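Remarks on the structure that follows.
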Amino acid sequence: DAKTTQPNSMESNEEEPVHLPCNHSTISGTDYIHWYRQLPSQGPEYVIHGLTSNVNNRMASLAIAEDRKSSTLILHRATLRDAAVYYCILRLSPAYSGAGSYQLTFGKGTKLSVIP
Amino acid sequence: GAVVSQHPSRVICKSGTSVKIECRSLDFQATTMFWYRQFPKQSLMLMATSNEGSKATYEQGVEKDKFLINHASLTLSTLTVTSAHPEDSSFYICSARDFGGHKGTEKLFFGSGTQLSVL
């Protein structure tokens, strides 16, 4: 599986935008870029995913570099509730994978701290 | 969105006893569920893939006789930690993918986790 590299930790002030980077220089053409986050003592939750184009949803935006070797998760206004570990994960498109590949391989992620 | 219910959220048991953790998909059918464990300040590690109506697939290094997985229905998978020991103390998390009516959906849904403490 292609690997991702994220900073161990980041800090943000409350109500400020946050840009969480992820490097994935060995990404293949069929890999989707997924972001999940894990709040303290909780299971992970889906944030966003994309393939080539930038994506927006109610939680965040995902900016994908033109060469797809990096991406950035953008939280437009950080709140205290956004303090979590954010995981950037690559997954094969369903068209190229079997059922077993729907598992997720988690790296160490980025621990985001939000300062009031 | 889809919901995965996991319980108990916390369990304390004596060494040598067995503990069962349940994972339910509440509003969708899950033919495949995944079980993870997480030690403090570490990332999630996949333990096994649970398939409805068939044997689970275990990751390398995970003892199948130690961690029994049963996926008897499309909405329920259970993980039983047999003869638990203090080193089995960990945070166990299940996840499921919603296949029904969401072709091509990429998202996995996770339970809230079970903190197991073995004394």
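Checked against (1) more than 10 Å from every other protein chain (Cβ to nearest Cβ); (2) hydrophobic (A, V, I, L, M, F, W, C); (3) under 13 Å from the mean Cα position of the chain (by Cα); (4) within 23 Å of B:LEU119 (Cβ to Cβ), B:ILE12 meets all criteria but (3). If you go through the range A:20-40 and keep only what is away from chain B (no Cβ under 11 Å) and polar (S, T, N, Q), you end up with A:ASN23, A:SER25, A:THR26, A:SER28, A:THR30. Of the residues making up the range B:30-46, those that are under 14 Å from the mean Cα position of the chain (by Cα) and within 11 Å of chain A (Cβ to nearest Cβ) are B:ALA30, B:THR31, B:THR32, B:MET33, B:PHE34, B:TRP35, B:TYR36, B:GLN38, B:LEU44, B:MET45, B:LEU46. Among the residues of the range A:69-78, is any under 22 Å from B:ALA96 (Cβ atoms), surrounded by 12 or more Cβ atoms within 10 Å (Cβ to Cβ) and not polar (S, T, N, Q)? Within the range A:69-78, not a single residue is under 22 Å from B:ALA96 (Cβ atoms), surrounded by 12 or more Cβ atoms within 10 Å (Cβ to Cβ) and not polar (S, T, N, Q).
Scanning the range B:71-95 for residues that are without any contact (Cβ under 8 Å) to a residue 40 or more places away in the chain and in a loop (DSSP other than H, G, I, E, B) turns up just one, B:SER89.
Of all residues in the range B:30-46, those satisfying the criterion of being surrounded by 15 or more Cβ atoms within 10 Å (Cβ to Cβ) and either in contact (Cβ under 8 Å) with a residue 40 or more places away in the chain or out of contact with any Phe, Trp or Tyr (no Cβ under 8 Å at 6 or more places or on another chain) (or both) are B:ALA30, B:THR31, B:THR32, B:MET33, B:PHE34, B:TRP35, B:TYR36, B:ARG37, B:GLN38, B:LEU44. All conditions in (1) of a type in the set (S, T, N, Q); (2) within 14 Å of chain A (Cβ to nearest Cβ); (3) surrounded by fewer than 16 Cβ atoms within 10 Å (Cβ to Cβ) hold for B:SER73, with the sole exception of (2).
Quick one: which of B:VAL3, B:VAL81, B:VAL19 is in contact with a Phe, Trp or Tyr (Cβ under 8 Å, 6 or more places away or on another chain) and more than 14 Å from chain A (Cβ to nearest Cβ)?
B:VAL81
Here B:GLN6 does not fit the description of being of a type outside the set (Gly, Ala, Ser) and in a loop (DSSP other than H, G, I, E, B).
When both residues are 6+ apart or on different chains and their Cβ atoms are under 6 Å apart, which pairs have a first residue that lies in the range B:96-117 and is on the phi > 0 side of the Ramachandran plot, and a second that is modelled with pLDDT of 85 or more? Final answer for the pair search is B:GLY113/A:GLY43; B:GLY113/B:PHE91; B:GLY113/B:ILE93. Of all residues in the range A:41-92, those satisfying the criterion of being touching a Cys at 6+ places or on another chain (Cβ under 9 Å), without any contact (Cβ under 8 Å) to a residue 60 or more places away in the chain and away from every other protein chain (no Cβ under 11 Å) are A:SER70, A:SER71, A:THR72, A:LEU73.
Specify which of the listed residues (B:THR49, B:THR57) is within 14 Å of chain A (Cβ to nearest Cβ) and surrounded by 19 or more Cβ atoms within 10 Å (Cβ to Cβ).
On the way: B:THR57 fails: surrounded by 19 or more Cβ atoms within 10 Å (Cβ to Cβ).
Sole residue among the options that is within 14 Å of chain A (Cβ to nearest Cβ) and surrounded by 19 or more Cβ atoms within 10 Å (Cβ to Cβ): B:THR49.
When B:ASP88, B:ASP27 are checked against the criterion of being away from chain A (no Cβ under 14 Å) and crowded, with 19+ Cβ neighbours inside 10 Å, a single residue qualifies: B:ASP88.
The values are calculated or read from the model by the stated rules, or taken from the named source; none is laboratory data. This structure is a prediction, so every number in the text was calculated from the model and none was measured. Note that each Cβ is placed from the backbone with ideal geometry, even for glycine, and that neighbours are counted across all protein chains shown.
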